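Engineer: Handing you a structure now.
The values are calculated or read from the model by the stated rules, or taken from the named source; none is laboratory data. The shown structure was predicted, so the numbers you read here are calculated from the model rather than taken from an experiment. Note that we place each Cβ from the backbone using ideal geometry, even for glycine, and neighbour counts take in every protein chain shown.
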Amino acid sequence: MPKGTVEIHVERCKACGFCVEFCPTKVLALSTAFNSKGYHPPYLIAPEKCSGCDLCGMYCPDFAIFGYRIKFPDGSEAA
Amino acid sequence: MSVMPIVNPVEPFLRSDRMPHIWCPGCGIGTTVNCFTRALIDAKVDLDNLAIVSGIGCSGRVAGYVRLDSFHTTHGRAIPFATGLKLANPKLNVVVYSGDGDLTAIGGNHLIHAARRNVDLKIICVNNLIYAMTGGQTAPTTPDDVITSTNPYGTFDPSFNLPHLVEAAGAVYVGRWTTYHVRQLSRAITEIFQKSGFCFIEILSPCPTLYQRRNKMGDGLDTMKFYKEKSKIRNGAPTSEVGLTKQGAIIVGKFVDRTRPEYRALMHDQMMESLGERYVEQGLEVACSN
Amino acid sequence: MNADPRGVLSGVHFIDGDHACCEGALAAGARFAAGYPITPSTEVVERFAARIPTVGGTFIQMEDELAASIAIQGAVWGGAKAFTVTSGPGFSLMMEHIGYAAMTETPCVFVNVQRGGPSTGLPTLPAQADMMQARWGSHGDYGLIAVCPNSPQECFDLTVKAFNLSEKYRVPVMIMMDEVVGHMTEKVVIPSADQIDVEPRRHSSKPPQQYQPYQPEADGVPEIVHAGEGYRFHVTGLTHDERGYPAMTPQVQDRLVRRLKQKIESAVDRITLAEEANLEDAEVVVVSYGITSRVAQRAIDLAREKGIRVGKLRLITVWPFPTERISQLARRIKAFVVPEINLGQIVHEVERAAGGAARTIAVSHAGGSVHNPELILQAIVEAAK
């Protein structure tokens, strides 16, 4: 299981590409799908490499993505 | 085995009912808001004693998108509004969040006087080197030889070196980062919440639609890469040396961190010296109908 | 409710209009002023600067009138009652922020001690030439209230009134003094605090989840809250909806801007203050305000000695204009005589309201001194023909 994952608010995305570029482990890529405004939102191309660092969330100017560490109900973290 | 869902750390700070916002794809203003909210969390700022005051322009729209007591005021006059707000309720943490045009052109006079007085205000100056909202006119910060809508043949006005200006005017904290430097920027904003006095952070941000596009400098992502390539972190650099040019190095860092008596302390001390016991510092709360 | 005694300098004073205005502000509860020096208004804030540190509050001399006129609004949203003071050139600079106060419904007071204009004009001499500007000076549609004292006593009384009106209607109120009233020294009686009625701020008691910053009450005025009270509200000069959010459509514009105008205009009867004398049998009515009303009184007395049935209508509130009252009078009198220290401003309002039912005779004076009562008398005689 990867250490972290992201949540993407597809409709807010304007496909600026910041998250794709600045993800340290390159887990994101812009998809071929469209949101209703015609932008290509990102998707996890290499989800197993996500550390949940949330650099994508820090960079995203549209508040459309954030990353987080996967935590279980008992408080432990994944990996 | 199940996964605990969490919320985007920035979401509680947003007026979600107003999303998506009006800023262009690749604009860096939203990125500055992420850093700002991260700093509010790290500095443990009491959100019920925080007020955001902005002026007019793209950066000025931040006030309307954050779920805080916020005031979208007139062009150039966020700082005097914020001064009145702070003096009437000194318990408030007052942040002025505005753009380079608003703060340094029409607002220039207020900028230097508030810095001179060392009013306890946190100034977040998003600098996209242009007047963006009105369609890309020249700003006092626009570097030389840049195409804008009011300099269609290229700018020739010398531009402001903002850190130098505000340091000379009296600011006690002066820093500059770009929207590429998300971690350093968050830390800088956290620092100014722990400091009293006139604090100024300049944040270089892309305006891909106007500045970068008209000057064939790519889109927002290209600009972020440009910032990464051209930035040199020089904490403590003399502000006279941090002027910006169209393609040259971008000096970033914390340039000034000093202590001067804050405005209200100066007022208090003077009044105490002259009036002693007769001085009544704060009036009664304005009587309200409930 | 009663005035806060800490700000009330009860007693009998011999002071000028500027000084009395400052005392009125303090009595009304003003605890913040921002200003920029300009003759002949400066004494108001100079006195405030001297008084406020022992009453409790702040005075700040800002770098210009643009800063002063918005700093007071920041202070209002921070919880204070606040005002600023200026004269013609500064009044022009403050226009954008008068509009901001009208748009955001910020209760605050602007004092204009009028002097000769236009431009730098006559800094030390009177005029009444900013009267139209007081109403229409800022861009866009909005309503506001303007009062016109004609004595230092009225400078005190009407300043208290101005603050009260601004709180009640959540509107900027203009105190339109002139250089003579501002600089004339007369007896001013300041009563005890329990005899001064002060309007409290219309602060909402709703919890944050239910409160909407621009949801009007029955009288068209929304309740207000301050920064730092947990409401997390937004104020903007952009056209906004009841939530305070920018909403730039013709429908929201119509709803908002009509309400800004209506909340004042529908309350004309409750706001209007005027001094009337001998109107029952009048065939000529002298309509005047400010210092000119005192000169006009002399002319009226002389005319009555000559047997002319002349009545007096002194406007104490000039805006909103008492259209209905003028219109009523017009139907039964021959003419209005309107002396003003300008080349015709309020006279046009009188003419409009008269609707042609009575003549309107202006007695104009470009500024720099008060009228010679003879000129007003001549106009009354002419009107009575």
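Engineer: Is it the case, given these coordinates, that residue B:281 is outside any helix (DSSP H, G or I), within 10 Å of another protein chain (Cβ to nearest Cβ) and among the acidic types (Asp, Glu)? Write out each step before concluding.
Structural biologist: On the way: outside any helix (DSSP H, G or I): yes; within 10 Å of another protein chain (Cβ to nearest Cβ): yes; among the acidic types (Asp, Glu): yes.
Criteria met by residue B:281.
Engineer: Here's a follow-up. Of (1) in contact with a Cys (Cβ under 9 Å, 6 or more places away or on another chain); (2) β-branched (Val, Ile, Thr); (3) free of Cβ contacts under 8 Å to residues at least 24 places away in the same chain, residue C:224 satisfies all except one. Which?
Structural biologist: Every listed condition holds for residue C:224 apart from (3).
Engineer: Going by the structure shown, is residue A:54 surrounded by 20 or more Cβ atoms within 10 Å (Cβ to Cβ) and among the acidic types (Asp, Glu)? Show your work before the answer.
Structural biologist: On the way: surrounded by 20 or more Cβ atoms within 10 Å (Cβ to Cβ): yes; among the acidic types (Asp, Glu): yes.
Judged against the criteria, residue A:54 is a match.
Engineer: Could you list all residues from the range C:337-383 that are touching a residue at least 60 places away in the same chain (Cβ under 8 Å), in a helix (DSSP H, G or I) and acidic (Asp, Glu)?
Structural biologist: Within the range C:337-383, just C:374 meets the criteria.
Engineer: Then there's this: Just name the residue that is farthest from residue C:375 (Cα to Cα) out of those in the range C:295-333 that are within 26 Å of the chain's Cα centre (by Cα) and part of a loop (DSSP other than H, G, I, E, B).
Structural biologist: C:320
Engineer: Quick check on my filter: what residues within the range C:134-153 are assigned to a helix (DSSP H, G or I), over 12 Å from the mean Cα position of the chain (by Cα) and surrounded by fewer than 23 Cβ atoms within 10 Å (Cβ to Cβ)?
Structural biologist: The first filter runs over the range C:134-153 and keeps only residues assigned to a helix (DSSP H, G or I), leaving C:134-136, C:152-153.
From the residues that got through so far, the ones that are over 12 Å from the mean Cα position of the chain (by Cα) too are C:136, C:152-153.
Residues satisfying the conditions are C:136, C:153.
Engineer: Further, regarding this structure: Are there any strands (runs of 3 or more DSSP E) wholly within the range B:1-103 with 3 or more residues that are under 30 Å from residue A:75 (Cα atoms), touching a Cys at 6+ places or on another chain (Cβ under 8 Å) and modelled with pLDDT under 95, and if so which?
Structural biologist: none
Engineer: Against the condition touching a Lys or Arg at 6+ places or on another chain (Cβ under 8 Å) and of a type outside the set (Asp, Glu), how does residue A:1 come out, does it pass?
Structural biologist: When the stated conditions are applied, residue A:1 does not pass them.
Engineer: Here is a check on your reading of the model: is residue B:60 buried (at least 24 other Cβ atoms within 10 Å of the Cβ), touching an Asp or Glu at 6+ places or on another chain (Cβ under 7 Å), more than 9 Å from chain C (Cβ to nearest Cβ) and within 21 Å of residue B:133 (Cα to Cα)?
Structural biologist: yes
Engineer: Would the range C:129-139 turn up any residue that is within 24 Å of residue C:266 (Cα to Cα) and within 14 Å of chain B (Cβ to nearest Cβ)? Steps first, answer last, please.
Structural biologist: Start the filter on the range C:129-139 by keeping residues that are within 24 Å of residue C:266 (Cα to Cα), which leaves C:131-139.
Then drop every residue that is not within 14 Å of chain B (Cβ to nearest Cβ), which leaves C:138-139.
Yes; the residues of the range C:129-139 include at least one that is within 24 Å of residue C:266 (Cα to Cα) and within 14 Å of chain B (Cβ to nearest Cβ).
Engineer: For the range C:1-81, give me every one of the helices (runs of 4 or more DSSP H) that falls completely inside it and has 3 or more residues that are crowded, with 24+ Cβ neighbours inside 10 Å and not hydrophobic (A, V, I, L, M, F, W, C). Break it down stepwise before answering.
Structural biologist: Details: elements: C:17-28, C:42-55, C:65-77.
It comes to C:17-28, C:65-77.
Engineer: Say we look at the range B:16-52 and pick out the residues that are touching a strand residue (DSSP E or B) at 6+ places or on another chain (Cβ under 7 Å) and not aliphatic (A, V, I, L, M); which of these is farthest from residue B:133 (Cα to Cα)?
Structural biologist: Filtering the range B:16-52 for residues that are touching a strand residue (DSSP E or B) at 6+ places or on another chain (Cβ under 7 Å) and not aliphatic (A, V, I, L, M), the one farthest from residue B:133 (Cα to Cα) comes out as B:49.
Each row is one residue, and each column tells you yes or no for (1) more than 10 Å from chain B (Cβ to nearest Cβ); (2) under 27 Å from residue B:115 (Cβ atoms); (3) at pLDDT 95 or above.
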{"residue": "C:45", "(1), (2), (3)": "yes, yes, yes"}
{"residue": "C:49", "(1), (2), (3)": "yes, yes, yes"}
{"residue": "C:52", "(1), (2), (3)": "no, yes, yes"}
{"residue": "C:58", "(1), (2), (3)": "no, yes, yes"}
{"residue": "C:65", "(1), (2), (3)": "yes, yes, yes"}
{"residue": "C:70", "(1), (2), (3)": "no, yes, yes"}
{"residue": "C:89", "(1), (2), (3)": "yes, yes, yes"}
{"residue": "C:102", "(1), (2), (3)": "yes, no, yes"}
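Engineer: Going through C:237, C:244, C:220, C:228 one at a time, which residue ends up being under 30 Å from residue C:158 (Cβ atoms) and within 14 Å of chain B (Cβ to nearest Cβ)?
Structural biologist: On the way: C:244 fails: under 30 Å from residue C:158 (Cβ atoms); C:220 fails: within 14 Å of chain B (Cβ to nearest Cβ); C:228 fails: under 30 Å from residue C:158 (Cβ atoms).
It is C:237.
Engineer: Go through the range B:168-189 and give me each residue that's within 14 Å of another protein chain (Cβ to nearest Cβ) and of a type in the set (Val, Ile, Thr).
Structural biologist: B:178, B:179, B:182, B:189, listed by residue number.
Engineer: Additional query: Please determine, by comparing only the residues of the range C:259-284 that are on the phi < 0 side of the Ramachandran plot and among the polar types (S, T, N, Q), which one is surrounded by the most Cβ atoms within 10 Å (Cβ to Cβ).
Structural biologist: Among those residues, the one meeting the criterion is C:272.
Engineer: Shifting gears a bit: Among the candidates B:78, B:88, B:82, single out the residue that is within 7 Å of another protein chain (Cβ to nearest Cβ), buried (at least 24 other Cβ atoms within 10 Å of the Cβ) and closer than 16 Å to residue B:124 by Cα. Let's see the steps before the verdict.
Structural biologist: Numbers: B:78 fails: within 7 Å of another protein chain (Cβ to nearest Cβ); B:88 fails: closer than 16 Å to residue B:124 by Cα.
Matching residue, one of B:78, B:88, B:82: B:82.
Engineer: Report yes if some residue within the range C:204-224 is basic (Lys, Arg), surrounded by 18 or more Cβ atoms within 10 Å (Cβ to Cβ) and at pLDDT 95 or above; otherwise report no.
Structural biologist: We begin by selecting, within the range C:204-224, every residue basic (Lys, Arg); these are C:206.
Narrowing the set further to residues that are surrounded by 18 or more Cβ atoms within 10 Å (Cβ to Cβ) leaves none.
No, because not a single residue in the range C:204-224 is basic (Lys, Arg), surrounded by 18 or more Cβ atoms within 10 Å (Cβ to Cβ) and at pLDDT 95 or above.
Engineer: So which of B:106, B:123, B:147 is under 15 Å from the mean Cα position of the chain (by Cα) and either within 28 Å of residue C:226 (Cα to Cα) or surrounded by fewer than 24 Cβ atoms within 10 Å (Cβ to Cβ) (or both)? Explain how you work it out, then say what you get.
Structural biologist: Details: B:106 fails: under 15 Å from the mean Cα position of the chain (by Cα); B:147 fails: under 15 Å from the mean Cα position of the chain (by Cα).
Among B:106, B:123, B:147, only B:123 is under 15 Å from the mean Cα position of the chain (by Cα) and either within 28 Å of residue C:226 (Cα to Cα) or surrounded by fewer than 24 Cβ atoms within 10 Å (Cβ to Cβ) (or both).
Engineer: Now for a separate question. Go through (1) under 15 Å from the mean Cα position of the chain (by Cα); (2) not in a helix (DSSP H, G or I) and name the single condition residue C:123 misses.
Structural biologist: With respect to (1) under 15 Å from the mean Cα position of the chain (by Cα); (2) not in a helix (DSSP H, G or I), residue C:123 is out only on (1).
Engineer: Next question, about the same structure. Going by the structure shown, is residue C:171 over 17 Å from residue C:319 (Cα atoms) and in the same structural domain as residue C:23 (by TED's automatic domain parsing)?
Structural biologist: Here the answer is no, as residue C:171 does not meet what is asked.
Engineer: Report every pair of residues separated by at least 6 positions or lying on different chains whose Cβ atoms are under 6 Å apart, first residue within the range C:59-71 and basic (Lys, Arg), second surrounded by fewer than 24 Cβ atoms within 10 Å (Cβ to Cβ).
Structural biologist: none
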